[in-house]
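Student: Handing you a structure now.
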Amino acid sequence: LDVPENPIVPIIHGDGIGKDVGPAAQKVLEAAANATGREISWMRVYAGESGREKYDENLPDDTVNAIDEHRVAIKGPLTTPVGAGFRSLNVALRQTLDFYSNVRPTYYLDGVPSPMKSPEEMDMVTFRENTEDVYAGIEWEEGTEEVEQVREFVEDEMGFDDVMHDGPIGIGIKPITEFGSKRLVRKAIDYAIEHDRDKVTLVGKGNIMKFTEGQFTEWGMEVAEEEYPDEEVFAAPDSLWETQDEIDIPEDAVMVESRLADAMLQWMQLRTDEFSVLAMPNLNGDYLSDAAGAQIGGLGIAPGANFGDARVLAEPVHGSAPKRAGQNMANPTAMTLSGRLMFDYMGWKDAADLVRDAVEETISSGKVTYDLERQLDDAEKLGTDEYADAIVD
Ligand code: NAD
């Protein structure tokens, strides 16, 4: 992405532990930018609790407009109260600015206590569709006219009267479009080509949800088959695993294959080294990327970013962890490494590498926050601020 040498970067520190990890990550990112001869003009913008305090709104227009205009932004977690009538702010932000892919790299960092023990064991990037699926927020509660209509339709017209049991019911809709699926898969394949990765795995539960997740996979395969030259992208047939010997796979091509979502959760734990780039609908992507995060040290570590066309909004995978909020305890690594993804997208590769190296060196020297310290012998437990200072040092 072409950004000015000294860009304005909107930042939402976030709710809960966002108040701890937001400023800490900002400090590290600024130091890395400065050390590589650049300057960031941070623009504090507000959402969630801080939005309500300053604007009496959860998602003020000023915030949306700033991210829209400056195209590169970073946010901490925002709390979504459980219950009716509160649409997730994160979902609203992703949908309003059409950040249609959520990208989460999962790689082993030296020194982190985790089931993975080396970078060779796990280096995976998940592409999660970000605007559709059951997260689109199209759902109704018992007592609404829509629920009655759906109940009648399913029972009377479809004849599925054994599905809708008597008593209260909640109904949700799972839209998966050709447009949304194809642009997500295209992004994943382009990423694989640009980053010299050998495989893209499409993950859906198409054997059960044929017209949603099944279509996602079919549309994804169409992209692989029709939009790239054969020597660049090889669309693997379903029968690949039985007939591998007879199929001529071009040597340097990115292979696009598909796996069923439930089996994939297992393969991802057992054979982490076999997967490289994963592309999937929204709900699968949420679960799979959290599970992948657990393989490399947990939510305190796992970074992410939302991409649209020519826009990025970096954000950690974790939420606002209210129990740990405001105690200078939480781990700012996830948000800091999310900023690294933002740097990467801006073409600031040296700054991005510096952030990763500094985080890795700090952790492997035994300086960590509480979440990692309790799993390590001989580690030094630092507060959020002190840990950020150690990374800057
Ligand atoms: P969570 O990710 O906030 O916390 C789960 C647990 O993970 C915490 O109790 C803590 O033990 C650990 N943890 C998470 N981040 C950590 C960090 N940086 N350092 C150390 N430990 C960390 O998940 P939750 O409790 O299910 O959700 C809390 C709130 O966050 C909810 O309102 C939810 O909607 C929201 N949420 C927001 C986002 C987002 O803003 N993108 C994402 C997920 C959840």
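Student: Run down Val154, Val185 and say which single residue is at pLDDT 95 or above and hydrophobic (A, V, I, L, M, F, W, C).
Tutor: None of the other options fit; the residue is Val185.
Student: Regarding Arg356, is this residue within 14 Å of the ligand (Cβ to nearest atom) and either at pLDDT 95 or above or buried (at least 22 other Cβ atoms within 10 Å of the Cβ) (or both)?
Tutor: So Arg356 fails the test.
Student: Looking at (1) at pLDDT below 95; (2) under 12 Å from the mean Cα position of the chain (by Cα), which one does Asp248 not meet, given that it meets all the others?
Tutor: (2)
Student: Starting from residues that are farther than 26 Å from Leu283 by Cα and in a loop (DSSP other than H, G, I, E, B), keep the ones in the range 228-242 and report whichever is modelled with the lowest pLDDT.
Tutor: The selected residue is Ser239.
Student: Considering each residue of the range 149-173, count those that are among the acidic types (Asp, Glu) and in contact with a Lys or Arg (Cβ under 6 Å, 6 or more places away or on another chain), and give that number.
Tutor: Qualifying residue count for the region: 0.
Student: Name every residue in the range 6-20 that is more than 18 Å from the chain's Cα centre (by Cα) and among the hydrophobic types (A, V, I, L, M, F, W, C), in order of residue number.
Tutor: Those that are more than 18 Å from the chain's Cα centre (by Cα) and among the hydrophobic types (A, V, I, L, M, F, W, C): Ile8, Val9, Ile17.
Student: Looking at (1) buried (at least 24 other Cβ atoms within 10 Å of the Cβ); (2) assigned to a loop (DSSP other than H, G, I, E, B); (3) modelled with pLDDT under 95; (4) not β-branched (Val, Ile, Thr), which is the only condition Asn331 fails?
Tutor: The number of the failed condition is (3).
Student: Considering only residues that are within 14 Å of the ligand (Cβ to nearest atom) and acidic (Asp, Glu), which ones fall in the range 35-56?
Tutor: Glu49
Student: Among the numbered conditions (1) in contact with a helix residue (DSSP H, G or I) (Cβ under 6 Å, 6 or more places away or on another chain); (2) under 25 Å from Phe307 (Cβ atoms), tell me where Val125 comes up short.
Tutor: For Val125, the exception is condition (1).
Student: Another question, then. Can you confirm whether the range 72-81 contains a residue that is farther than 26 Å from Arg324 by Cα and touching a residue at least 12 places away in the same chain (Cβ under 8 Å)?
Tutor: yes
Student: OK, next. Would you confirm whether or not the range 282-293 contains a residue that is within 10 Å of the ligand (Cβ to nearest atom) and within 18 Å of Glu120 (Cα to Cα)?
Tutor: yes
Student: Quick one: count up the residues across the range 62-91 that are on the phi < 0 side of the Ramachandran plot, at pLDDT below 95 and not in a helix (DSSP H, G or I).
Tutor: 9
Student: On to the next question. Identify all residues within the range 310-328 that are in a loop (DSSP other than H, G, I, E, B) and either of a type in the set (Lys, Arg) or within 6 Å of the ligand (Cβ to nearest atom) (or both); write none if there are none.
Tutor: Within the range 310-328, Glu315, His318, Gly319, Ser320, Ala321 qualify.
Student: Could you say which residue among Ala25, Ala32 is part of a helix (DSSP H, G or I), more than 14 Å from the ligand (Cβ to nearest atom) and buried (at least 19 other Cβ atoms within 10 Å of the Cβ)?
Tutor: Result of the check over Ala25, Ala32: Ala32.
Student: With the condition kept exactly as written, say whether any residue in the range 254-276 is surrounded by 19 or more Cβ atoms within 10 Å (Cβ to Cβ), touching a residue at least 60 places away in the same chain (Cβ under 8 Å), among the β-branched types (Val, Ile, Thr) and assigned to a helix (DSSP H, G or I).
Tutor: yes
Student: Tell me, please, whether a residue that is within 16 Å of the ligand (Cβ to nearest atom), outside any loop (DSSP other than H, G, I, E, B) and modelled with pLDDT of 90 or more can be found in the range 144-151.
Tutor: No, there is no match, as no residue in the range 144-151 is within 16 Å of the ligand (Cβ to nearest atom), outside any loop (DSSP other than H, G, I, E, B) and modelled with pLDDT of 90 or more.
Student: Taking the conditions exactly as written (surrounded by fewer than 22 Cβ atoms within 10 Å (Cβ to Cβ), under 30 Å from Val200 (Cβ atoms), of a type in the set (Ser, Thr, Tyr) and within 12 Å of the ligand (Cβ to nearest atom)), does Ser114 satisfy them or not?
Tutor: Judged against the criteria, Ser114 is not a match.
The values are calculated or read from the model by the stated rules, or taken from the named source; none is laboratory data. Just so you know, these numbers come straight off a predicted model, no measurement behind them. Please note: Cβ atoms are built from the backbone with ideal geometry, for glycine as well, and neighbour counts cover all protein chains shown.
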